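*Asks:* Would you mind keeping the following structure in view while I ask a few things?
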Amino acid sequence: MDRERLKILFLAPFAASPAMFGAQRRVEGLMAALARRHEITAVSVIPNDGDARAAQRAMREYSSEVVLVPRPLWDGPGKRLRQLRSLLSSRSFLRGLYDLPALREALGRLLSSQGYDVVNVEFPFLAPGFLGKPAPGARRPRLVLDEHNIEFDLARQQASTQGGIARRVYNALDWRKIRREEIEVWTGSDGVAFCSEADEARARALVPSMRSMVVPNAVDVEYFKPRATDPLPDGRTVIFFGALNYFPNEDGLLYFLREAWPLIEKSSPKARLKIVGQEPAPAILGHRGPRVEVAGKVDDLRPHLASAAVSIAPLRVGGGTRVKIVEAMAMAKPAVSTSLGAEGIEAEAGRHLLLADDPASFAAAVTRVLGDSGLGSRLGKEGRALVEERYSWDSSAQSLEALYRQVLAS
């Protein structure tokens, strides 16, 4: 086999394609870019009611082999029972959920029959406890973890902000399990990829010996770009997009709706809010009205972004970097974000985007863009240039490949 061409197995807790939310876009973007030079096998866990045919068809565009492992549906009353049972376990809730016999069997079959160079695992709770015996004549594949966030820190933040006392107690116990497991995976991996320098520094403070690399979240710069056929900005629409069943997105959006949006409504009588994303919670749906549209999941985000005047990322909880910001910038759309929301993106406040960390300042920044089309145009132009320079998936995939080369040479 050509030593320059690697054989890589990607293991993810979801089908990467068709991509509808940020984590999917990261896995899809990295795999598709790497597939131009290397051979990719994709192993994904999907719910029993998932569209396996659509996932197979989409992922075969960049993967030589796609293995989809079904899992039971975890929502509903049964989820609460499983969470209660997990309190008696030494394992975190997600580690227990993804310990699937079918997944172990699929990995064992692939790893014992094919000589992979690298096993790339998305999220620490999916990291296998062992990689089994390599194929005859092959050496042990190197294990590389791709960290979308520092997961225990994200869980710790949720423990202090999410829900009532029972949920907070549950989260307080679970995040400590996640911390122990995540540090074990960092220690046991041959390499770890982080989305931002800040996350890498936090992790290396705990495990100084780890081999790591920053692999930024990025965007398909040819797909997400202004097009002549797109609708023009309407000068009044504020857009929020992202998976609404993801706690940091739900928390940030509700914070904006309750504390910043009423201020914008008063200062900008023509302003309207469009919310795009899958599975909006009842608390979000309750804000629908003449000036607030909850569009739900859409097949193509681009025309919705194009017609908006400004994109927002009012996040208060999170880690890694936000794909929603680089996608908005790629579409030359001005963005307003909290400092945490923009963490890890090498953007200059006032040049590439606007930053605000309290409701009044956030509302003022949004109102400023709505009232000044020239400002919006300048921010959008500079944001697009920044994305073209630093945030393409090809560039991020080169960083990930450099990490692969390091661990293979060690």
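*Asks:* Only one residue in L126, L111, L97, L143 is touching a Leu at 6+ places or on another chain (Cβ under 7 Å) and without any contact (Cβ under 8 Å) to a residue 60 or more places away in the chain. Which one?
*Replies:* The match here is L143.
*Asks:* For segment 332-341, name all the residues that are open to solvent by less than 20 Å² (accessible area, probe 1.4 Å) and at pLDDT 95 or above.
*Replies:* If the condition is that a residue be open to solvent by less than 20 Å² (accessible area, probe 1.4 Å) and at pLDDT 95 or above, then K333, P334, A335, V336, S337, T338 are the ones that fit.
*Asks:* Shifting gears a bit: Using the structure shown, decide if E346 is without any contact (Cβ under 8 Å) to a residue 12 or more places away in the chain and either part of a helix (DSSP H, G or I) or closer than 30 Å to R36 by Cα (or both).
*Replies:* no
*Asks:* In addition: Test A364 against the criterion of being open to solvent by 10 Å² or more (accessible area, probe 1.4 Å) and in a loop (DSSP other than H, G, I, E, B), and give yes or no.
*Replies:* When the stated conditions are applied, A364 does not pass them.
*Asks:* Which residues, taken from segment 374-410, are within 21 Å of the chain's Cα centre (by Cα) and small (G, A, S)?
*Replies:* G383, S392, S395, S396, A397, S399 - these are the residues of segment 374-410 that are within 21 Å of the chain's Cα centre (by Cα) and small (G, A, S).
*Asks:* Quickly run through segment 303-317 and pick out the residues that are open to solvent by less than 10 Å² (accessible area, probe 1.4 Å) and not in a helix (DSSP H, G or I).
*Replies:* A308, V310, S311, I312, A313, P314, L315, V317, listed by residue number.
*Asks:* Quick check on my filter: what residues within segment 27-53 are open to solvent by 20 Å² or more (accessible area, probe 1.4 Å), under 20 Å from R71 (Cα atoms) and among the small types (G, A, S)?
*Replies:* G50, A52
*Asks:* Check every one of the helices (runs of 4 or more DSSP H) wholly within segment 67-153 and list those with 1 or more residues that are at pLDDT below 85, at positive phi and not small (G, A, S).
*Replies:* none
*Asks:* Applying the selection to segment 263-286, what residues are part of a helix (DSSP H, G or I) and either without any contact (Cβ under 8 Å) to a residue 40 or more places away in the chain or farther than 18 Å from D358 by Cβ (or both)?
*Replies:* Of everything in segment 263-286, those that are part of a helix (DSSP H, G or I) and either without any contact (Cβ under 8 Å) to a residue 40 or more places away in the chain or farther than 18 Å from D358 by Cβ (or both) turn out to be E265, K266, P282, A283, I284, L285.
*Asks:* Among the numbered criteria (1) part of a loop (DSSP other than H, G, I, E, B); (2) small (G, A, S); (3) at pLDDT 95 or above, which single criterion is violated by A193?
*Replies:* Answer for A193: the failing condition is (1).
*Asks:* Of the residues V298, V294, V326, V336, only one is assigned to a loop (DSSP other than H, G, I, E, B) and of a type in the set (A, V, I, L, M, F, W, C); which?
*Replies:* After applying the criteria, what remains is V298.
*Asks:* Taking into account only those residues within segment 2-54 that are outside any helix (DSSP H, G or I) and of a type in the set (D, E), which is farthest from the chain's Cα centre (by Cα)?
*Replies:* D2
*Asks:* Give me the residue from segment 241-274 that is of a type in the set (A, V, I, L, M, F, W, C) and at pLDDT below 95 and, out of that set, nearest to A159 (Cα to Cα).
*Replies:* F247
The values are calculated or read from the model by the stated rules, or taken from the named source; none is laboratory data. This structure is a prediction, so every number in the text was calculated from the model and none was measured. For neighbour counting, all protein chains shown are included, and Cβ atoms are generated from backbone atoms with ideal geometry for every residue, glycine included. Note: accessible area is taken over every heavy atom of the protein model, side chains too, but ligands, DNA and RNA are not part of it. Shrake-Rupley method; radii C 1.70, N 1.55, O 1.52, S 1.80 Å.
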